Amino acid sequence: MATRAPIASRPGGSRFAQFKLVLLGESAVGKSSLVLRFVKDQFDDYRESTIGAAFLTQTISLDDTTTVKFEIWDTAGQERYKSLAPMYYRNANCAVVVYDITQASSLDKAKAWVKELQRQANENIIIALAGNKLDLVQDSSSSDAPAGNPDKRAISTAEAEAYAREAGLLFFETSAKTAENVRELFTAIARKLPLDQAGPRGLPRGPRPGVDLRPEAAGTQGGGACNC
Amino acid sequence: MGGTSKGHQGVSNGGIELGEASSLSPRAEYSPNTPPRQTSAGVPGSTMYRGGSGKGTSDERQSPVVDMGHGDAFDEEALPPPLPPRPQISPERQTTSSSLYHPGSSKPSLQSKATTALSLTDILTQSFPDGSRGTYAASSARPVAGFSADLSPADYRSGASTRNASEYGDISSIRSYAPTLQVGGDIESLMGEALDSVQENSPWKLLSSQIESENPLSQISEEEKEFESKFAEEFNEIEDLKMLLNCWKSRLKHFFILSSAGKPIYTRHGDENLISGYIGVIQTIISFYHDVDDSLKGFIAGGARFVVMAEDPLYLVAISRLDESDTQLRTQLEALYMQILSTLTLPTLTRLFSTRPSTDLRKLLHGTEPLLSALADTFTRGSPPTLLSALECLKIRKAQRHLVNNTLLKARSPSLLYGLIVAGGRLVSVVRPKRHSLHPSDLQLIFNMLFEAEGVKGGGGENWIPLCLPGFNKNGYLYMYVSFLSRQAKSEGPSNQPTKSGGKEDEVAVVLISADKESFYEQQQMQDNVIQQLEKNGSMDIIISAVQKGRYSISEIAPGTLLRHFLYKSRANVQFTMPSYEPHFISPLERRKLLSLYHMLHASVHAKSAHLKVQHCVHRDSISLAWVTPFFELYCVAGPNANRNALTQGANKVVQWVRREEERVFIIGGAVF
């Protein structure tokens, strides 16, 4: 596993939960960049398309006693991989649907994904809508990077926000490049997840246990983060 | 038109039978009873140079030895006679060259050698024309050279080529231009062993060390400078609109893929606007021939070679100014085609075009352009695996490999098809079912995806990739689990290191391939177990240190040799091995020139009409040798001032070394379940 961040010893009262998260969205909206920023705090200006899907993990602490581990499926956005998507969102506890705020069509695609998730995925799946590439439209005077151009924006914040509210989604405008709102996005998801049910051994799994999940024991081991 | 066949690639189509004992037992390869000359059907009168034919005293030898005529070194096809008198060598160097290999030779003997060498030529050549094995008459050689060495007969043996009068003329004229260089050097190396005891003389050492440092392909002439600058530009993206067209036209190599309806699908250089006109022309030309049932294979125009491959519904075109043969370019096109199949599978491809012949495939291939470009650039840089249709293994001890194999076998997940450990583009270990072999072309696609393109490596996680391996089955997808280990080790704690920094040379990856698309977690579990075991039994350290060490250097395996590089392909194993490019071939240009030389050698020994077994080439800046037997192919290169004997000795050393190290450099009988 790419990152198996060791978790410090958890005293009795702590809670640990493990959630499966899937990223969906049109190709080239920045799904992998968001994940890379979240998991490794890195950014590549030139990034080749994801092939198939990448699996990464990242653990965040919500407070002193609560730790959440995300198992992230970063899927490729290309049309030809569409038929594989159910494999990744099935049993997912949460999803981030990403669009590019400078590409009008990418929101349409995002909406289609949301629809599909709401129809096909877990009933209780938590979906977040992320409008990425915020850096491209911010004319930040202080920034040393070449300033973005507000004219590039193709989707207004209000429009996307309205849609998100209507569809019951979390909503953030993010920049993987500047890291703006990336951590916030994942933290907000973690806070919305049903931690109380989770308990120390992770969430009860979806309706089709054992199909593509790791055995409970393995999951616990992974979560226990003994890297030995 | 082209008309080259796929004949010589037959081996590659067979896949790697890592497990099965094929009829060619690797051991039989080196049996003293099967010296290479049995296979070298000498064709009299041909200008190509061959190893000694038929008779000979092979029983004296333990291993195959390349024999070459001492007089004739010129392949007329590659190098039209008369050879220019090597202008770059100063007189001072000419004299020193005679002591090239034996710095100890005493000064006084030099002069006599230089003058008498000419007469020695006559003596030498006179023994040839009857076609019999040319042996130096010891009685005449001895006084001429002024040595009373006890020489083994093998050292004196020379090729049995029949020469005509004009070749005599050429030889003697060449000799008279540079007598000391050619003949003196030969004799001295012939006498080599006898000279070792002669005392060393420091000025000579100095001068000869200068010459030994003369690397092959290191000299750059005017036209090569042009080539150099072109080659350096080759990989840049074309940007400047003004110069766009000229830039584009000046590229040394182009690849186009288009649909048979004439829609552009892929091009290495230039965008759609730029190429659409050319795509139209290409499509017209190809379909013109297609319509009359005389399909176009290739042609030469404007100094470039055009090769066309029609794989309905696609046309693939390669345009090269890099002196590659039709067959070689066709192999490259084939690999690009395989990459497309790998993304889409054949049934999808045919269905798309049969329902809509005007399908725009670019949309469907979106995201795989980097894979195609990585392949194309690999070919342009020069790729030994592609040239030889073979793969390279990481050199580790047999017992160590065995341990890795067993670890993989033990941890095998139920749905596993192939399990691989690859390191720096080389195979460390493979497990496979008994019934299925793994095809080099498939492995090439995987290696390209993992090590040349950034898409997978840059992701920094585990990957689950649907792909079709056309060599295995071009009709369906397999699912590939990939995890890079060195990355894993690095990602302990927060590293701010950019992901691209890791050189491709030291990446270690576990690749697990299954037909079950739901089996990611299963493979992940297996990978965890494998890693754990490999770390426990120490194999991981061995692999990582072997990878970090890089390839062996040529001086390690043949100390003092004048060989600078070689490629050795074991035909039975469909694998090859080669030393590191360093220290002699460092820049991409030097490597490209080396690979161009290999391509040229490869093309001539694989030409359909030539049943060539041994070829020796002399160029202004290198000498080289290709040696083909049913068991192996060897291509080796030495500097311009080395002589044939040194080359031959080096080649023999390499063959002996590979025989000794066979189970380390190759995977023989990989793990089967």
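Miscellaneous remarks
- Loop-located trypsin sites (Lys or Arg not before Pro) across segment B:324-419 with a Cβ neighbour count of 15 or fewer within 10 Å are B:Arg397, with loop assigned by DSSP.
- The share of accessible area on segment A:33-121 that comes from carbon and sulfur is 41 percent, using a 1.4 angstrom probe.
- Converting phi to 3J(HN,Hα) with the Karplus coefficients 6.51, -1.76 and 1.60 and the offset θ = phi - 60°, segment B:399-413 yields 5, 5, 5, 4, 5, 5, 4, 5, 4, 4, 4, 5, 8, 3, 7 Hz in sequence order, with x at every glycine or proline.
- Taking the accessible area of segment B:306-378, probe 1.4 Å, and keeping the other protein chains in place, the carbon and sulfur fraction comes to 56%.
- Think of segment B:355-468 as having a plus end and a minus end, set by charges on the Cβ of Lys, Arg, Asp and Glu; of B:His439, B:Ala411, B:Met449, B:Ala411 sits farthest toward the positive end of this dipole.
- Charge tally for B:Leu391 (other residues, Cβ to Cβ under 12 Å; Lys, Arg +1; Asp, Glu -1): 0.
- For segment B:344-391 and segment B:251-269, distance of Cα centres in Å: 11
- Ranked by solvent-accessible area (1.4 Å probe, protein heavy atoms only, all chains present), the residues A:Asp100, B:Asp360 order from largest to smallest as B:Asp360, A:Asp100.
- Buried area at the A-B interface (accessible, heavy atoms, 1.4 Å probe, summed, Å²): 3200
- Look at the stretch B:366-373: the mean tally of other chain Cβ atoms within 10 Å of its residues' Cβ atoms is 4.
- Heavy atoms of B:Glu233: accessible area, 1.4 Å probe, square angstrom to 10: 80
- Ordering A:Ala17, A:Val35, A:Trp73 by Cα displacement along the dipole of segment A:1-134 toward the positive end leaves A:Ala17 in first place; charges were set at the Cβ atoms of Lys, Arg (+1) and Asp, Glu (-1).
The values are calculated or read from the model by the stated rules, or taken from the named source; none is laboratory data. All values reported here derive from a predicted model rather than from experimental measurement. Note that each Cβ is placed from the backbone with ideal geometry, even for glycine, and that neighbours are counted across all protein chains shown. Accessible surface is based on the protein model in full, side chains and every heavy atom, while ligands, DNA and RNA are left aside. Shrake-Rupley method; radii C 1.70, N 1.55, O 1.52, S 1.80 Å.
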